[in-house]
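The structure under discussion appears below in the form of structure tokens.
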Amino acid sequence: MKFTIQVSEGPYNHQASDSAYQFAKAALEKGHEIYRVFFYHDGVNNATRLTTPPQDDRNVVNRWSALAEEHNLDLVVCVAAAQRRGIADADESKRNGKDADNIAPGFRISGLGQLIEGGIQSDRLVIFGD
Amino acid sequence: MGGDVKKFMYVNRKAPYGTIYALESLEVVLIGAAFEQDVSVVFIDDGVFEIVKGQDTAGIEMKNFSNTYKALEMYDVEKLYVSKDSLEERGLTEDDLIVDVELKTAAELTALMEEQDVLLSF
């Protein structure tokens, strides 16, 4: 089955991103396809490489990056939600006159159309959040 | 999109202010309208407050985006459903709402949800 996953909550504050990650991993292990993972609302905070959890805790961000690299996942961060919350890649940073970017490897910033397209192209859209 | 039309339902469950879900849900609905899918929007629980008339947000220094719901019609988003129970529980009637809606019972909403291909819950 082909899935698109939406992550609606930030890391550590909420289990949504952990559950979405576990779901994606399990689905891939069972031979399913992850068409896209879309990060929305505070979920965009899963995409900052500046995240520094204590060493004995999981690194939610790096874990997504690693899964993306391993399975060539499309991790998409909503641009409007990202701008509000200070998540930027080099292009966005430059365009908005900021002095830094913080996007983690494997993530890309794009529009909400990517979420709708995910819903159209996938067999299931699964949302993690409140 | 190759003429692939799916039934999309947006379920709004939260008050318009206090959290950003309502505003960012509306942004999805507006962007999604360009994809020419079969769209419906549901207001349930505190989500009914999103479309209440006479919202005044000056005191909380938030943008009042309630007028944007009136624009949904221009985007061909015309199927707006409101939970009859949620409305009544909050002492509201259809006359209190900023847009024309269809009131639905819980059973009717359940049936509508069953028909959908994609349910986005906010």
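A few remarks follow.
- Rolling a 1.4 Å probe over the heavy atoms of the protein chains gives segment A:1-88 an accessible area of 45 Å² per residue.
- Space enclosed by the convex hull of the alpha-carbon atoms of segment B:7-121, per residue, Å³: 92 Å³
- Accessible area buried, both sides summed, chains B and A with 1.4 Å probe, Å²: 1800 Å²
- Share of carbon and sulfur in the accessible heavy-atom surface of the protein assembly as shown [1.4 Å probe, %]: 46 percent
- Rel. contact order, % - alpha carbon contacts under 8 angstrom, at least six apart, segment B:7-121: 34 percent
- Hits among aspartates and glutamates - C-alpha to C-alpha of B:LYS70 under 17 Å, sequence gap 8 or more where chains match: B:GLU24, B:GLU27, B:GLU50, B:ASP56, B:GLU78, B:GLU94, B:ASP95, B:ASP96, B:ASP100, B:GLU102
- Dividing the alpha-carbon radius of gyration of the protein assembly as shown by the rule-of-thumb value 2.2 N^0.38 Å gives 1.05.
- Note on chain B: antiparallel DSSP beta bridges, both residues inside, total approximately 5 percent of the bridges counted.
- Relative contact order [Cα under 8 Å, 6+ residues apart], chain A, whole percent: 35 percent
- Largest first, the residues B:LYS63, B:LYS14 sort by 1.4 Å accessible area into B:LYS63, B:LYS14.
- Helix-only [θ]222 nm of chain A, DSSP H runs n ≥ 4, -39500 (n - 2.57) each, per residue, nearest 500: -10500 deg cm²/dmol
- Those residues of segment A:113-130 for which accessible area with every protein chain present is at least 40 Å² below the isolated value (1.4 Å probe): A:ILE116, A:ILE120, A:LEU125, A:ILE127, A:ASP130
- Residue by residue along A:33-42, Cβ atoms of other protein chains within 10 Å of the local Cβ number 2 on average.
- Peptide B:23-34, shielding by other chains (average Cβ, 10 Å cutoff): 4
- Convex hull volume per residue in cubic angstrom - Cα atoms of segment A:2-128: 97 Å³
The values are calculated or read from the model by the stated rules, or taken from the named source; none is laboratory data. Quick caveat, the model's predicted, so the values are computed rather than measured. Cβ coordinates were reconstructed from backbone atoms using ideal geometry, including for glycine residues, and neighbour counts include every protein chain displayed. Calculation scope for accessible area: heavy atoms of the full protein, side chains included, ligands and nucleic acids excluded. Shrake-Rupley method; radii C 1.70, N 1.55, O 1.52, S 1.80 Å.
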